[in-house]
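A short write-up of the structure that comes next.
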Amino acid sequence: MRKVAVIGAGMTKFVRRALETPKELSWHAAKMALDSCELTMDDIEATCFGTAPDAFDGVHMNGEYASDGAAGWGKPYMRSYVGGGTGVFNPIQGWYHVASGMFDVVMIVAEEKMSSFYPHAQAAFVTIFDHTTERALKPNLLWIFALEMNRYMTTYGIKKEDIARVSVQHKRNAAGHPCALLGEPNITVEDVLNSETLAWPVQRFDVSPVSDGAVAIILAAEHVAKRLTSKPVWIEGVGWYLDSAYWTNRDLVYPRYVEYAAKMAYDMAGIKEPRKEIHIAEPYDPFDYKALHHLEGLQLADRGKAVELYINGTAARDGNMPVCPSGGLLGVGNPIAAAGLMKIAELFWQLRGEAGERQVPGQPKRGVAQAWGDLMQVGTVVVMGR
Amino acid sequence: MTLLERDPQAPAAWRGNLPVTSRYTYGIAGEKFFRALKDEGKIMGAECPTCGITYVPARAFCERGLSELTEWTDVGLVGELHTFTLVFVDYDGRPLYEPELVGFVSFGDGGIVHKLEADPDTLEIGMKMEAVLKPKTKRTGSILDIQHFKPVK
Ligand SMILES: [Zn+2]
C-alpha cells in the first residue's frame, strides 16, 4: 500500500441555518480546500462525498444532488454513508482510493444541512428505526442516549457534574474557532447543570447543537504530497467496525465498535501504547458522556476513568493529551458528516502548527480522530501523524 | 386497489409513513435568480469566463472549475424546444384526465424543464418557445412563477 497524506483543508462556518444550499455549502468547503494547497479541479482525480440521512437536507440521494458543489463533476465520484460515522469514514474511503494506487489526488467533501428538517432535525431520526418494533413508540436519539448515559453513569458511579466538565471544556475550546457556532469562553459546570432537561439525565448543554456546514480535505500520494507541501500530514492508520444493529444487544457501557476500529487503526500505524503515542485526541462528542465513552473505546483511558482526564487536566488544551482542542461537536457544532471530517481537518491544522488560537503547545506529532453512528453501532477511526 | 390488496394470499400489512417536512432556503444563486423572476420577470443565466459555458438557471459557481460566477445576464424569455413528451399517467400510475405536455426548453448551455401549452401536433423540436409568466402580483419566487411555455407565434 502507498503512503497517503492530507495536503489541504477547508471548512465553512457551522451555523444554525445557512442561506446556502447543500450544493453551495459543499462548494465553499471544496474551493477553500483547493485554494489551501494551490490546486485546481484539473488536479483532482476522484472525489469522495459524505452526508448523513437524506432526510436532513431534504433531498433524496443527496450525494448525487450535491455532487456539483462537492467537486464531483467529471470525476469518479461516490458518496459513502455510515450515519454519524460518515465524516471519519469519508477520508478512509479516500485513503484506499490513493493507497491502492488507483488515484494520486483525491478530494473529500462532507456536508450536512440539518436545518432543512422541519420543525426539528431530531424528528428525522424516527425514520431510521425498525418500523415494526420501534417506530410506533416514536423514539428519538435523546431517548437512546439518555438510557445509555444513565447506564454508563450508574455502572461506574460517575457524577453528572463531572460529565458536565466535558461540555464546558469543549465549548470553551471552541471559543477560539473561527467557524464555531457555540464557542462560550465563560460557560461553567453550573450552566450545564441548570440547563433544560431533555430526557433525564440528558440536559440541553450536554448535547451538541443542530447545525449546517461543510468541510473538505485533499489527499495525495506520497510522491505528489512531497512535491506540493513541506508539511504533509500522513494518514498512518484507519479502522472501522460494526457492532450489532440492535441497540438492545449491545454493551451500553463500553463501545466495542470503537475499540475494534481503534485497534485496526493502531495496528496499521504501529502504535503499541496509545496513551503514550497519541498526542491529541478528537473523539466524537455529540453528547458529553459520549466523548468519555469513546476515549475509553480508543484505549486512551481505563473503563469508567475517562472523566479523570478532564478532572486532572490531561484533556485540557495545554494538558498531556488534549482532547477536542477544536471545540468538538459540543462547541463548534454538529452538522453530522461535516462534524466528523472537521476532526480530521483539526488534526491536519494542529499537526502542522496552523491551528491559530486553538494550537496545542509542544509540537504534537500524532493524533487520532474518531466518529460513531449508523444505528449507533459503527466506529470509524483515523490516526494521523507528521 | 393495489395488487397486494387484491391478492387474498398476500401477507398482512399496515400503512405507515416517513414523516418528513422540509424548510428549504433558496441559496446564494436562488435568492438572486428567483428575485429577478418575481420582481422583474426575467430569466437569468450566469456565464463562466473560463469555460465559456452559460448556466441557465444561473448558478453561484461553475461545476467544472468551482470558480464563482459573477457575470449574470438576462437571457430573455424565449428559448428553443430541445425535446418534449405527452404524459398520460400521473406518478402513482393513474390515468390523467387530460394528457399533459412537458418540454425541455434550452437557454444558453442549460435550460428549463416545464409545462407546455400547445397543440401537440404542432410541436417541433428546435422551435422557439416563450415563457408565459404569472402576473407580477401573483408571483411568489417559485419556478411556478413561469406558468408554462408556448410556441412563439
Ligand atoms: Zn467554468
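The values are calculated or read from the model by the stated rules, or taken from the named source; none is laboratory data. These numbers come from a predicted model, not from an experiment. Cβ coordinates were reconstructed from backbone atoms using ideal geometry, including for glycine residues, and neighbour counts include every protein chain displayed. Surface accessibility is based on the protein's heavy atoms, side chains included, excluding ligands, DNA and RNA. Shrake-Rupley method; radii C 1.70, N 1.55, O 1.52, S 1.80 Å.
Convex hull volume of the C-alpha atoms in the protein assembly as shown, normalised per residue: 180 Å³.
Averaging 1/r over each pair of different alpha-carbon atoms in region A:1-46 and inverting the result gives 12.1 Å, the Kirkwood hydrodynamic radius. What is the percent carbon and sulfur in the accessible area of chain A, measuring with a 1.4 Å probe over the protein chains and ignoring ligands? Of all accessible area on chain A, carbon and sulfur atoms account for 52 percent.
Close amide H pairs (under 5 Å, H built 1.01 Å from N) link B:LEU101 with B:VAL87, B:LEU116, residues at least 5 positions away or on another chain. Accessible surface area normalised per residue over chain A is 36 Å², counting heavy atoms of protein chains with a 1.4 Å rolling probe. Out of every Cα-Cα pair that region A:1-143 contains, those further apart than 22 angstrom amount to 41 percent. Of the residues in region A:51-97, those shielded by at least 50 Å² of accessible area once partner protein chains are present, compared with the chain alone at a 1.4 Å probe, are A:ASP68, A:TRP73. Distance between the C-alpha centres of region A:57-101 and region B:99-153: 35 Å, rounded to the whole angstrom.
Summarising the overall dimensions of region B:27-151 from its C-alpha atoms, the Rg and Dmax are 15.7, 48 angstrom.
Each residue of region B:36-51 was assigned a 3J(HN,Hα) from its phi angle through the Karplus curve 6.51 cos²θ - 1.76 cosθ + 1.60 (θ = phi - 60°); the sequence is 5, 5, 6, 7, 10, x, 10, 9, 9, x, 10, 9, 8, x, 6, 8 Hz, with glycine and proline shown as x. Chain A against chain B buries an accessible area of about 2400 Å², both chains summed, 1.4 Å probe radius.
Projecting the Cα atoms of A:PHE145, A:HIS170, A:MET268 onto the dipole axis of chain A, where Lys and Arg carry +1 and Asp and Glu carry -1 at the beta carbon, places A:MET268 farthest toward the positive end.
When the helices of chain A are scored as -39500 (n - 2.57) per DSSP H run of n ≥ 4 and the total is divided over every residue, the value at 222 nm lands at -10000 deg cm²/dmol.
The distance between label points at A:SER244 and A:ARG256 comes to 0.8 nm (points 7 Å beyond Cα on the Cα→Cβ vector).
Quick one: which of A:LYS113/B:LYS150; B:LYS32/B:LYS138; A:LYS226/A:LYS343; A:LYS138/A:LYS290; A:LYS31/A:LYS113 span more than 29 angstrom between C-alpha atoms?
Details: A:LYS113/B:LYS150 37 Å; B:LYS32/B:LYS138 18 Å; A:LYS226/A:LYS343 23 Å; A:LYS138/A:LYS290 23 Å; A:LYS31/A:LYS113 18 Å.
Pairs exceeding the cut-off: A:LYS113/B:LYS150.
In the context of the full set of protein chains, residues of region B:27-151 present 55 Å² of accessible surface per residue (probe radius 1.4 Å, heavy atoms only).
Quick one: pull the percent of accessible area on chain B belonging to carbon and sulfur, 1.4 Å probe, ligands and nucleic acids left out.
Numbers: 5250 of 9800 Å².
Heavy-atom surface of chain B belonging to carbon and sulfur, 1.4 Å probe: 54 percent.
Tell me, what does the Kirkwood hydrodynamic radius of region A:239-353 come to in angstroms if you use every pair of distinct C-alpha atoms? Provide the component values of the computation, followed by the final result.
Details: mean 1/r = 0.0682 Å⁻¹.
Hydrodynamic radius (Kirkwood, Cα only) of region A:239-353 equals 14.7 Å.
Measuring heavy-atom accessible area with a 1.4 angstrom probe and counting protein chains only, the residues of region A:110-143 that give up at least 30 Å² relative to the chain alone are A:SER116, A:PHE117, A:TYR118, A:THR127, A:ARG135. With both labels modelled 7 Å from their Cα along Cα-to-Cβ, the A:MET102 to A:GLU273 distance reads 3.9 nm. Each part reduced to its alpha carbon centroid, region A:251-316 and region A:5-43 end up 29 Å apart. Restricting to bridges with both residues inside the protein assembly as shown, how much of the DSSP beta-bridge set is antiparallel, in percent to the nearest 5? If I count the DSSP bridges inside the protein assembly as shown, around 80 percent turn out antiparallel. If you take the Cα centroid of region B:12-78 and the Cα centroid of region A:114-154, the two points sit 34 Å apart.
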